[in-house]
Amino acid sequence: MSPFLAGICGIIFFLILLVLKMPIAVGMAIVGFTGFSYVVSLGAAYRILSSDFYTTFSSYSLSVIPMFVLMGFFAFHAGIGTKLYSFAYKVFGHFAGGLAMASEVACAIFGAVCGSSTATTATIGSIAVPEMQKYNYSNSLATASVAAGGALGILIPPSVIFVIYGVATEQSIARLFLAGVLPGILLTLLYMAAIWVITRRNPALGPAASGPRPGPREIFVALRGGLLEVLIVFAISIGGLFAGWFTPTEAGGVGAAGVLLVSLVEGSMNWERFNRALMDTTRTVAMILFLVAGAIIFGRFMAVSRIPFELAGWVSSLSLPPFIILGIILLVYLFFGTFIEMIPLILLTIPIFYPVVVNTLGYDPIWFGVIIVLVVAMGVITPPVGINVYVIKGVARDVPLEVIFRGIWPFLIAAIVCCVLLIAFPQIATFLPNLVMR
Amino acid sequence: MGRLTSTLSYFLDRMARWVVVVLMALVVSNVIMRFMGRPIQGTIEFVEVLTAMVIGLSLAHCAAQDGHIAVTFLLEKLSAKIQAFIDVIVGSVVFLFLSLIVWRLCIYANTVRITGQVSLTTKTSYYPFIFVIAFGFLVYCLVVLTGLIDSVRKVVRR
Amino acid sequence: GKPAATPGETPKPADTKPVELRLAHFFPATHPVETEIITGWAKAIAEATDGRVKITSYPAGTLVPAAEIYEGVVQGVADIGISVYAYTRGRFPVIETFLLPGINFNNSKVSSFAAMEGIKKLNPQEIQDVKHLWTWGSGPGDLMMKTTPVRKLEDIRGLEIGATAGPRADGLKMLGATPVILPMGEWYEALSRGIMHGGVAPVETMQGFRLGEVTGDYITLTPFLYNQLFFSVMNLDKWNSLSPDIQKIITETTEKFYAENLPGLWDKINERGLKWAKDQKPREVITLSKEENARWIEAIQPVQNDYVEFLNSRGLPGEEILKTVKEIAEKYNKQYPDVAPYVGK
Ligand code: NA
Ligand code: NA
């Protein structure tokens, strides 16, 4: 069996394991390990099995996750999430789906500075989902809106994926950052539009508040009782990150400590709540990082199977109109984005696709970078492996996985609309960098 | 058996919770010290090791609480007996695979020890932490084994 | 898995599958190490062996992450690996002596030739578990500062300076700076977020890792602070499985290719990178005065003494190794006297 064929068998085998209820992380690691030992050697597979688990668990760039998840659970268990959403409910609650839209904005702002889509989903999710449920939002809308919103931050700078793309293609990272701003805002608006459309068709998904609209005084009163202080903590944590005072991990640590402090002073934190927040944190973080490690091992197998290379080479050799080739390339990313971690996928395929798209087909390199990141944002919510969906499942344990995936469709359609708009009007991406950097 | 594993995994998770607190305290202290012009040397590598400890120590308890995500809805329509049978097969595979991870992590730790690798800034040996993670996986293994025994009982019954 | 070539027999090229060798490294796919060195070497080997040996490259850590590459080759994850000795501290005690701050290497020719001779002469135990193909050096690394010019020792005190590995981090500590050890791939974000005031690395990284966008307004030349050695090694079993004639061809082709391409490589790409950075915006290149230079080297001195002690504690003749390294460095410094030739006049 050729490595290519072994890779295809591996993907099928993985899907079978999924159906049989194997934990996804273990399934990916098993297929990755078995496939790697078949294509390379057993000894080699033993090595990646041990070193990939240790190096993933001890990665500084992933240490952002425990810190922000901790902040989220402190806020939730101290009842700050409740206050935050009762405040948001007073402001946005009078129209259907208002809280979900507010969560989209929260995701965009938080994700913009945090840069990690899993950390954003876990943090906002731990606060937003239980609150939306409290206001009778449907489970599918409450979870799917945050899972989709969690990826908004990778379009809005700073973004790790842009750094990787920039280094791999020798493009200016500063230009890429600027190019992501408008598409990021556009996608946020499209997600809100999607919520508007589905709650208009079926208001029960995100019911509007009944009774009179609260006045400014009532809204101001809702800020009391620690909420204002916590908003200041958030502002310091996120603002400090944006201003360059902190690394993402530090911003999470400072935020968590700040929320803890405020809730202690306000008397809303006690031993039991503190302990429960810690318990939820370790469970969520173990789940996420185990999943990431499994995906990395699976990705090693995909690399030696050479499927991404062969596919990229095949697409590049087609003699078809440019936009059809581009379409196929995007489909390839979307398809493999459902199995492989996006960062290794970009590293493996960009050297082959990039010259085709930019040199042969003549597309703008900065614009292509934005398109790729947009496709990544779709990949993290599409079944069968949408890491954001699994993360939100870890936060909202009572919601079945299929319910979340069912809620994803409107957002996926919104993302496709965004993609089509970007292809039709590349200026959405290129306008800002051309304006600022000439 | 069930009693032992749940006690053990809970105990490890409790340690992990305190490691999270230490991690937060370290990160915040380093920020404060940096603003005073005296950042703590080696913070990054301490953060790395502590994060690894959090994961390693809490993996088993996460599993005991069914925290590792699986796609469950596809099999729900089958009879309880067939489901239990599938659980036995899948559980055995998971158990064997996790045992393999434990074994290879121990060998990995030992290689790091023998070759004398140390951390980059503070030059501390880090192989003991790999052993801790291996132990975490071992307890995860036991949790899976407990579940496996339950499934076997369900299959054998009637 | 896959059939390897049977040792001993010399098969006709036409009716045998070529031996495929997986090469793992961490450079971006656009870096000269991939586009010029690995591609060129693989081509030379393929031609010299009539296509009996095929080398497939996995760039950017897609097969094995940077710090795991050496051990990955030992275990056969990759057949060939190219990475940096300094990413695994304590793993290469003898070779790490070449990386000690305070030992001067004028340029990349000096550091490459010195390392090759040193490895031959000292024949360190630590790399006997692989087939050593070659080692090359990057030569000087310089302080690339964002907004703060460094002209004297006092200027660097209290600043956070990026480094990719331990030895120069120790040097930075002695100078009064706070080293921040991060892999090169994470520097861009750290610099743009202000986590580091600058970094010590070859100036080519301003282009290769886009660092010129976020740092390097002021560049202080510090050839005594930084030396980086890159290895290219092969799995021992894989090497032994090759037929003697293929081994001979590989050895000869590699020697020739190395001599023609690698020793001066980093001077060339440093020059290219610096020019690229200067085209973006003006940069000031600062050369320390003679007295200032002496002060820095004196401040760094304890690192070397500590290292000798460390070698002794490992049962290695510390004094002797350090002396040999310094002698070889001086020998080649005399032969290639240009200090930081990439700066030009
Ligand atoms: Na971002
Ligand atoms: Na997906």
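The values are calculated or read from the model by the stated rules, or taken from the named source; none is laboratory data. Predicted model only: the values in this text are computed from it and were never measured. For neighbour counting, all protein chains shown are included, and Cβ atoms are generated from backbone atoms with ideal geometry for every residue, glycine included. Only protein heavy atoms, including side chains, enter the accessible area calculation; ligands, DNA and RNA are left aside. Shrake-Rupley method; radii C 1.70, N 1.55, O 1.52, S 1.80 Å.
Just a few scattered comments:
- Accessible-area composition of chain A, carbon plus sulfur, in percent [1.4 Å probe]: 71
- Reciprocal mean inverse distance between Cα atoms of the protein assembly as shown - Kirkwood radius, Å: 29.1
- Translational diffusion coefficient (Stokes-Einstein; Kirkwood radius from C-alpha pairs) of segment A:3-436 at 25 °C, 0.890 mPa s, in µm²/s: 110
- Across segment C:133-234, C-alpha contacts under 8 Å between residues 6 or more apart give a mean separation that, scaled by the residue count, equals a relative contact order of 49 percent.
- The protein assembly as shown - accessible surface per residue (Å², probe 1.4 Å): 37
- Legend: residues in segment C:55-84 shielded by at least 20 square angstrom of accessible surface upon adding the remaining protein chains to the isolated chain (1.4 Å probe, heavy atoms) are C:T56, C:Y58, C:A60, C:T62, C:L63, C:P65, C:E68, C:E71, C:Q75, C:G76, C:V77.
- Listed by chain and number, the aspartates and glutamates whose C-alpha is less than 15 Å from the C-alpha of B:K154, apart from same-chain residues fewer than 8 away, are B:D87.
- C:D50 paired with B:S92, simple spin-label distance in nm, labels 7 Å along Cα-to-beta-carbon: 5.2
- Surface composition of chain C: carbon plus sulfur atoms contribute 52% of the solvent-accessible area (1.4 Å probe, protein chains only, all chains present).
- Once the Kirkwood radius over Cα pairs is known for chain C, the Stokes-Einstein relation at 37 °C and 0.692 mPa s delivers a diffusion coefficient of 158 µm²/s.
- The count of lysine pairs in segment A:3-436 whose Cα atoms are under 21 Å apart, excluding pairs fewer than 8 places apart on the same chain, comes to 4.
- Helix-only CD estimate at 222 nm, as mean residue ellipticity for chain C, using -39500 (n - 2.57) per DSSP H run (n ≥ 4): -11500 deg cm²/dmol
- In segment A:297-313, comparing the full protein assembly with the chain on its own, the residues that lose 50 Å² or more of accessible surface at a 1.4 Å probe are A:R300, A:R306.
- Protein heavy-atom accessible area occluded, A/B pair - total, 1.4 Å probe, Å²: 5100
- Accessible area buried at the C-B interface, both sides summed, 1.4 Å probe (Å², nearest 100): 1500
- Overall form of segment A:181-242: oblate. Here a/c, set by the Cα gyration tensor axes a ≥ b ≥ c, is 1.5 or more, and a/b is not larger than b/c.
- Measuring heavy-atom accessible area with a 1.4 angstrom probe and counting protein chains only, the residues of segment A:260-291 that give up at least 40 Å² relative to the chain alone are A:L278, A:M279, A:T282, A:R283, A:A286, A:M287, A:F290.
- Comparing segment B:2-157 with the 2.2 N^0.38 Å rule of thumb, its C-alpha radius of gyration ratio is 1.32 (two decimals).
- Modelled FRET efficiency - R0 25 Å, A:R224 with A:N136, Cβ distances, 0.05 increments: 0.50
- Shielding by partners for peptide C:18-26, expressed as the average number of C-beta atoms from other protein chains within 10 Å of each residue's C-beta, is 1.
- Spin-label zone in segment A:228-245 - amide nitrogen under 16 Å from a point set 7 Å from the Cα of A:V265 along the C-beta vector: A:228-237
- Fraction of beta bridges assigned by DSSP in chain C that are antiparallel (%, nearest 5): 55
- Trypsin sites (Lys or Arg not before Pro) restricted to segment A:165-232 and DSSP loop, no more than 11 other C-beta within 10 Å: A:R224
- Orientation-averaged projected area, Cα convex hull of segment C:120-244 (nm²): 9.5
- Heavy-atom accessible surface that A and C bury in contact, both chains counted, 1.4 Å, Å² to 100: 2900
- Inter-chain neighbour count for A:236-247: the average number of beta-carbon atoms from partner chains within 10 Å of each residue's beta-carbon is 3.
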